[in-house]
Structure formats: C-alpha cells, structure tokens
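Below is one structure; the comments refer to it alone.
Computed from the coordinates by the stated procedures, all read-outs in this text should not be read as laboratory data. Every value quoted in this text rests on a predicted model; they were computed, and no experiment measured them. All Cβ positions, even for glycine, are placed from backbone atoms using ideal geometry, and neighbour counts span all protein chains on display.
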Amino acid sequence: MIEEFRLRSQLTMIKLKGTFLDEITHDIPSQNWTREDWVKDFDAMKAVGIDTVILIRAGYKQHTVFNSDVLSKNMNTYPVYHDLLDLFLEQAERCDMDFFFGLYDSGKYWVNKEYQKEIELNKEYCDEVIQKYGDRKAFKGWYISHEIGRYEKGVLDVYEEMSVHLKKLKDQPILISPYVHGVKQFAVDAISFEQHTKEWREIFEHIAGHIDIVAFQDGQVGFDELKDYLEVHKALADEFGLECWSNVESFDRDMPIKFPPLPFKNLRYKMELAEKAGVENLITFEFSHFMSPNSMYLSAHGLYKQYCDWLKDQGFDIPSV
C-alpha cells in the first residue's frame, strides 16, 4: 500500500499536489463555511491538480473535529455540531483525493514534557478513529501533527511509539511536517544552518523506519537561505530512506500581521527552488485560507487566479470553477 502511494507521488510536476486542511483551532480564523462552501472549495482544489489533503490536526485542547468519546472523557472537549472529519472524507472520496489523518494535539501533555500521556491518549483516540472511519476509501495516510524544529528526544519517542501503533491500525504512509528553527519565527534564538543540519541528521537516525515522508515547512528562513535548506533536507531524506516533500507555505511571514496570503511571485520562487532541489512532492499550508477563490481574504482570490494562469502557461488544463 505504501509503495503504491509512493508511485503516485512520484508523478509530480511543478505544481502543488497537496494541501493541509485547517480544522480551525489555533491561529487561523474561521471562515464559517457550510458543507456547500466546502464542496466548492474541494472543486477548486481539484481544478488545480491537488490530489492529497492532510488534516492538520484532529483537534487541539478542547476543540475537535467530531464528537469523540475518548476525548470527551479525557479532555472534556466541547460539543461538535457538524462532523468535519466525515465531511472531509466525503469530499476527498468525491474528488478522488488521498486523505491523511492528523493526530490530536492536547496542547498540554507533550508541551509539559509528559510525552507518554500524549502517546496513550492518541493511541486510544486513533483506535476510535479507525473503528469509526478506518474503512473509508479516501483514508490513505497518517499525519503526526506534533511539530518540532530541533532535536527533542521526547517528541521523537512520540513519533516512534505512535508510528508503530498507527501502522498496526492501518498500514499507510506516515507524514510529518517539521519547521526550521530559523530567523523568521525565532529571531532571538535561531540556530545556524550547520546546527540545523547536525540536529536533523540525529533526528533522521531516530525516525528512519518509522516515518515515511518528511515535508519541511519552508517559511522560517530568508529566501537567500532557502536553497541550502531544501538541498540538505533532500540529501538527508535520501540518506535515511525517507520521501522528501516540501511544505510550500502560501501565507506571508514577512508582514506584521498574522497571516495574509503570500504574493504569487514568492510562492512561485519557492516552488521552483523546491523542484531544483529534487523534492518528490509539493504541498501547502494552506489552500482554503490563502489560495482559494472562496477564501475570506480577497487577495487569496488573486493568488488563485495568478496560480491558475501560471499552470496554464506550463501546459496544464485548468477547468473553470
């Protein structure tokens, strides 16, 4: 099953093949979409060639994507009035997309270095998810949503133990999307390129054989540095047998507000750098807010149009939506 997925992802041309789906629990505002709005947005994704959608997380603290008995019991979660997980799976199936399920982030245990509690809670929760949704056609992968930018042994334990459990539940590819501890997000204590390379070599030694795909976020370093980071990520992934994607962020970290859509010229530049580095796939965080013709941000409509025009210039057939 994993090899079949690898063959599909290797058909990549220079375009975005996947996007995260934000379940709206953290730092991105709600668009207050109905089911009909999501139908339109999946159509817009499909029109530009997106074939993979990744749930960024199944919940955060008290918020979650469906009424979970496990989370209600353990985390006193708030009620869910519309099953977002079912909706996303339904639309992925309708559009012939692969769906990656993102784990639950307690916002508590792993942050406080209580890693085993985070692991046990997610194991029980994923058991419930598989019981409810495991037979869905679009369910083609796992996403471990606990992000790191540096060597953290406790989080690596989460990766290792959860990956074993997830593969037993459903033997599908496991994805992570780490960040770079760089100047745009960590101006005070950003680490050097050399230190980043050293620590991620150690991380890859731990996660090889457990994680299948790594998609580094590309927005935490300057454009003048990005080429080097993309190349070292690809080299390390190759060395340790992981598939290397790039998470081409479609929001702008250089503006003083969080977060407007990215200028198209910057998106294109990052995609071209990733292609030259040889990554197998390009995904983005995140289409629906920052690139969609349906987004609450008007500038996202313009980004979608410019992206469509560029794809047409490359010879892609883009249907109108």
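The figures follow:
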| quantity | calculated |
| --- | --- |
| Antiparallel DSSP beta bridges within the stretch 156-276, as percent of all bridges there, nearest 5 | 10 |
| Distance (nanometres) between label positions extended 7 Å along Cα→Cβ at GLU202 and MET255 | 3.8 |
| From phi via Karplus (6.51, -1.76, 1.60), per-residue ³J(HN,Hα) for the stretch 173-180 in Hz, x at Gly/Pro | x, 10, 10, 10, 10, x, 10, 9 |
| Point-charge dipole on Cβ atoms (K/R +1, D/E -1) for the chain, about Cα centre, debye to 20 | 420 |
| Over 23 Å between alpha carbons, listed pairs LYS17/LYS153; LYS73/LYS117; LYS61/LYS184; LYS15/LYS227 | LYS17/LYS153; LYS61/LYS184 |
| Loop-located chymotrypsin sites (Phe, Trp or Tyr not before Pro) in the stretch 158-257, at most 15 other Cβ atoms within 10 Å (DSSP) | PHE186 |
| Helix-only mean residue ellipticity at 222 nm for the chain, each DSSP H run of n ≥ 4 adding -39500 (n - 2.57), per residue, nearest 500 | -14000 deg cm²/dmol |
| Nonlocal amide H pairs with TYR104, under 5 Å, H built at 1.01 Å | ALA58 |
| Sequence-distant residues sharing a close amide H with PHE251 (under 5 Å, placed H) | LEU262, GLU286 |
| Relative pair counts by distance (%), Cα atoms of the stretch 157-303, 5 Å bins | 2, 9, 18, 20, 18, 15, 11, 6, 1 |
| Relative packing of 261-274, 280-293, which averages over residues the other C-beta atoms within 10 Å, highest first | 280-293, 261-274 |
| Alpha-carbon spread of the chain, three principal axes, descending order, Å | 51, 48, 41 |
| Whole-Hz ³J(HN,Hα) from phi, Karplus 6.51 cos²θ - 1.76 cosθ + 1.60, for the stretch 295-305, glycine and proline x | 5, 5, 8, 4, 5, 5, 4, x, 5, 4, 4 |
| Counting DSSP beta bridges with both ends in the chain, the antiparallel % (nearest 5) | 10 |
| Centroid-to-centroid separation of the stretch 241-267 and the stretch 54-91 [C-alpha atoms, Å] | 26 |
| D_trans [Stokes-Einstein, Kirkwood Rh over alpha-carbon pairs] for the stretch 66-162, 10 °C, 1.306 mPa s, µm² s⁻¹ | 109 |
